[in-house]
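The values are calculated or read from the model by the stated rules, or taken from the named source; none is laboratory data. As the structure is a prediction and not an experimental result, all values here were calculated from the model. As a convention, Cβ positions derive from the backbone with ideal geometry for all residues, glycine included, and neighbour counts pool all protein chains shown.
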Amino acid sequence: MTDRRPAWKRRHFEERFFKTLMRVSFLAVAGSLGAILLTVIVKGLPALSLAMLTQTPKGGYYLGKEGGILNAILGSLLLAGCATVLALLIGLPMALYLEIYAPRSRWAGSVRLALDVMWGIPSIVYGAFGFTLMLLVGLRASLLGGILALTLLELPIMTRAMDEVIKMIPKDLEESAFALGTTRYEVAVKVIVRQALPGIITGALLAFGRGIGDAAAVLFTAGYTDRLPTSLFRPVASLPLAVFFQLGTPYPEVRQRAYAAALILTIIVLGVSLGSRLLAARLSRNVVK
Amino acid sequence: MDPQISVRDLNVFYGKHQALRDINVEIPQKQITVILGPSGCGKTTLLKSLNRLLDVTEGVRVTGQVLIDGENIYAPAVDVTEVRKKAGLLAQRPYPLPMSIYDNVAFGPRIHGTVRGRDLDVAVRHYLELAGLWDEVKDRLHAPATRLSIGQQQRLCLARGLAVEPEVILGDEPTSALDPVSAQHIERRLLDLRGQYTIVLVTHILRQAKRLADHMLFMYMGDLIESGPAREMFANPREDRTRAYLSGEF
Amino acid sequence: MRPVTTASPASRTGRESDLARRRLQDRVSTWLFLALTALPLTITAAMLLALMARSQPILAGHTIRELLTGQTWQPMQGQFGFYPFIVGTLWVTALAMLIAVPPSLFTAVYLAEYARPTTRTLAKPVLDLLAAIPSVVYGIWGVVAIVPWVGASLAPTLNRWFGFIPFVAANNPTGFSVLSGSLVLAVMVTPVIIAISYEVLRAVPDGLREAALAMGTTRWQAIMHAVLPKALPGVAAAVVLGFSRAFGETMAVLMVVGNVAKTPSSIFDPAYPLTALIANNYGEMMSIPLYDAALMGAALTLLLVVLAFNIISAVILRGAVRRAAA
């Protein structure tokens with residue numbers, strides 16, 4: 001059974017050729033991740049110092065050569081943190097409705113389609129929309145504006161994640177709860193949420209990671225400042241914008257702040273992404289299967 | 001006559017679980033051999049080891065030898081695609097390739113380069129006739145194969161498998177998903193093909209075994225309990241377990 | 001579903017008020033949650049309306065054809081020709097897809113059909129991380145690694161050998177170019193295409209693979225002739241979704257693409273995508289008449305294009321996974 005016909009030879013050459021092509025592609029993709037992380041670390045690590053993390057920029061907008069990025073760190077945490085909480089408060093009930101209250105209705109289908117569509121809207125459009133709303137209401141670029149824009153951005157991600165998590169809960173659990181005479185509210189909140197808690201946390205972390213890394217949505221709506229966040233109605237700095245605004249200056253010290261901000265941002269986002277996976281794996285061990 | 005297939009000390013493991021234990025058996029040429037047994041006894045595993053389709057599943061370990069025409073198909077230098085050209089599989093559920101009826105049957109010859117050009121038309125017709133499907137599809141050879149009924153699809157799969165010009169046809173409960181009429185059709189085709197091909201079938205339907213088998217293998221929990229000419233086994237099974245199974249006790 | 005309770009005479013009144021409370025809870029929550037589910041549709045509709053309203057002023061004074069085909073962008077003189085930006089966006093996005101799709105599909109096929117389970121488990125976090133990296137970080141990588149390479153090595157080399165083809169000619173390449181933008185975008189879009197294609201491929205039943213292999217095909221032949229054709233609609237939807245993402249990407253592209261408001265004629269020329277236009281000029285847009293309407297119009301265009309692509313691919317995907325598994 002070792003045939004040497006031309007068709008046989010061609011087939012096996014083809015197989016080996018494409019297998020190599022596939023391996024190379026995979027390595028290229030994995031390698032690009034390595035390249036990006038390497039760049040961020042090589043540029044950012046030298047810029048990291050205690051001062052960088054604990055001080056605000058000094059000496060004026062764009063030109064200040066000393067100080068750090070504390071304004072951006074705190075600002076980002078506040079922006080994304082509050083937005084995630086808001087998105088959770090809206091998204092979780094939505095997902096509960098879609099899965100427990102009215103699972104196979106046509107309405108649920110349209111809502112899901114709308115969420116899918118929202119999921120793909122570019123963040124700059126959310127920023128532009130947020131901006132128009134703010135003009136309408138008379139709100140200026142501020143922490144509140146940024147939170148609103150980020151909430152809109154995070155909402156489809158959050159809801160979809162919640163939806164997936166709730167979907168994974170075995171139907172039997174839900175049905176046996178109903179058979180005991182509980183209301184939908186009770187099943188949803190007391191049974192399902194408790195079961196799905198690990199997944200809910202994971203989903204929230206995912207949305208948080210997306211929100212904290214976004215620049216385009218907060219560009220119009222949150223403004224920027226060198227000061228620490230003090231009020232909902234004043235502009236607030238954010239890590240992505242700290243990178244964006246400070247990367248292009250001719251002053252190397254200012255650029256250092258950009259690199260440091262990028263590294264901090266990357267660490268936060270990667271930590272959230274990996275951490276949520278581990279958390280989900282660990283917590284789901286205690287969950288009823 | 002020399003046996004077409006000889007199985008020597010075959011053991012198959014799925015991870016830690018042993019699915020086949022020390023199988024030693026010979027499968028005669030150009031007859032229908034039926035592998036019989038209750039669910040989970042390893043019939044399909046044995047069948048799939050005969051054309052190395054087991055290789056596709058992850059975590060499978062095979063020791064021992066399977067000789068087809070005297071050559072061990074599990075020898076290291078052997079080309080798996082050639083093994084499968086010699087021994088083709090008719091599965092439980094028909095899976096037509098996503099192409100036309102014609103292309104489904106022509107697929108094998110095209111891939112292996114055995115038939116070309118206008119000869120393809122002749123070959124396609126020949127195999128469709130062998131499978132008993134020609135009359136029903138001759139006017140729509142280029143329609144998508146998925147438009148056929150499930151019984152027709154299974155016959156298409158038979159034609160497709162025959163077009164590869166195997167010596168052995170392996171059937172994994174090939175009629176269990178079909179309605180009785182189509183099932184009967186397939187059974188008749190297999191009986192017709194008997195003198196030209198060695199056929200090995202897996203079934204758990206006793207009656208089907210009675211209708212089709214020249215030679216029989218009875219398996220239970222990964223072991224080969226008994227093997228021999230079908231008539232003898234039905235009339236006078238040697239082992240108790242065989243007797244119990246054949247009389248419908250389990 | 002109506003809850004059923006059995007009440008003993010002694011505690012009936014207690015149980016009744018309890019039951020009433022629970023019923024109220026159920027009803028209130030139903031209405032509240034239902035109201036919340038109206039949000040996605042409402043928000044999307046509101047976005048469309050708001051952007052349309054705010055871009056209305058510029059449509060009043062200029063025809064759509066003027067806006068789409070005009071080549072001059074001088075807001076201070078009332079000239080709003082979007083052509084260079086539209087073409088710039090199309091160039092960067094199309095080239096990004098050309099660069100991204102083959103490796104992504106190969107990787108998806110590799111992971112779905114060939115890779116060992118350990119490789120697959122390793123690949124998941126890699127793809128997750130790539131998808132999670134913020135666009136400004138991609139931008140930094142682009143500025144630090146891609147732009148210098150394109151400007152100093154790739155452009156001059158290609159120009160020397162193929163400079164006669166206008167598409168790849170390079171005049172004073174700075175590295176800030178269509179190609180740099182496309183390279184960065186390609187990496188950003190890859191995880192999306194891979195993840196969705198992988199799911200669709202895995203939905204194809206193993207029986208089909210076995211049927212092809214049983215005829216003596218190589219693995220690759222089985223994939224090409226049996227698995228891929230079945231998975232094709234879903235894979236197409238994945239590519240469409242990737243295109244949509246690339247189309248709407250702002251920050252990373254902005255940082256590497258040069259932002260010069262001229263229609264590019266070569267991949268080494270700078271470009272100015274629509275997203276970059278909006279992001280770069282929001283500061284001045286309130287001070288020049290009609291500028292804000294123009295930018296909102298650009299945002300509206302983005303929204304409409306992305307909506308169209310997303311709806312198409314969502315609809316295809318729903319059917320495609322079902323059909324692949326059939």
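Quick look at the numbers
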{"item": "Options C:G88, C:G139; residue that is surrounded by 23 or more Cβ atoms within 10 Å (Cβ to Cβ) and within 14 Å of chain A (Cβ to nearest Cβ)", "result": "C:G139"}
{"item": "Qualifying positions in segment A:186-220 - more than 18 Å from the chain's Cα centre (by Cα) and not basic (K, R)", "result": "A:E186, A:V187, A:A188, A:V189, A:V191, A:I192, A:V193, A:Q195, A:A196, A:L197, A:F220"}
{"item": "Subset of segment C:286-300 (residues that are in a helix (DSSP H, G or I) and without any contact (Cβ under 8 Å) to a residue 40 or more places away in the chain)", "result": "C:L295"}
{"item": "Within segment C:54-141, helices (runs of 4 or more DSSP H) holding 1 or more residues that are touching a residue at least 12 places away in the same chain (Cβ under 8 Å) and under 20 Å from the mean Cα position of the chain (by Cα)", "result": "C:83-109, C:117-132, C:135-141"}
{"item": "Per-region count, segment A:15-32, residues farther than 9 Å from C:P103 by Cβ, of a type outside the set (A, V, I, L, M) and at the interface with chain C (Cβ under 8 Å from one of its Cβ atoms)", "result": "5"}
{"item": "Residue match in segment A:136-155 (condition: touching a residue at least 60 places away in the same chain (Cβ under 8 Å), surrounded by 24 or more Cβ atoms within 10 Å (Cβ to Cβ), within 12 Å of chain C (Cβ to nearest Cβ) and touching a Cys at 6+ places or on another chain (Cβ under 9 Å))", "result": "yes"}
{"item": "Which numbered condition C:V321 misses (of (1) within 14 Å of chain A (Cβ to nearest Cβ); (2) at pLDDT below 85; (3) in contact with a strand residue (DSSP E or B) (Cβ under 9 Å, 6 or more places away or on another chain))", "result": "(3)"}
{"item": "Of the criteria (1) in contact (Cβ under 8 Å) with a residue 12 or more places away in the chain; (2) within 14 Å of chain A (Cβ to nearest Cβ); (3) in a helix (DSSP H, G or I), which one B:Q154 fails", "result": "(2)"}
{"item": "Single residue of segment A:121-135 satisfying the filter (among the aliphatic types (A, V, I, L, M) and facing another protein chain (nearest Cβ under 8 Å)) that is surrounded by the fewest Cβ atoms within 10 Å (Cβ to Cβ)", "result": "A:L133"}
{"item": "Flag for C:N172 being within 13 Å of C:F268 (Cβ to Cβ) and either without any contact (Cβ under 8 Å) to a residue 60 or more places away in the chain or within 14 Å of chain A (Cβ to nearest Cβ) (or both)", "result": "yes"}
{"item": "Candidates C:F268, C:F247, filtered to the one that is within 14 Å of chain A (Cβ to nearest Cβ), in contact (Cβ under 8 Å) with a residue 60 or more places away in the chain, among the aromatic types (F, W, Y) and in contact with a helix residue (DSSP H, G or I) (Cβ under 9 Å, 6 or more places away or on another chain)", "result": "C:F247"}
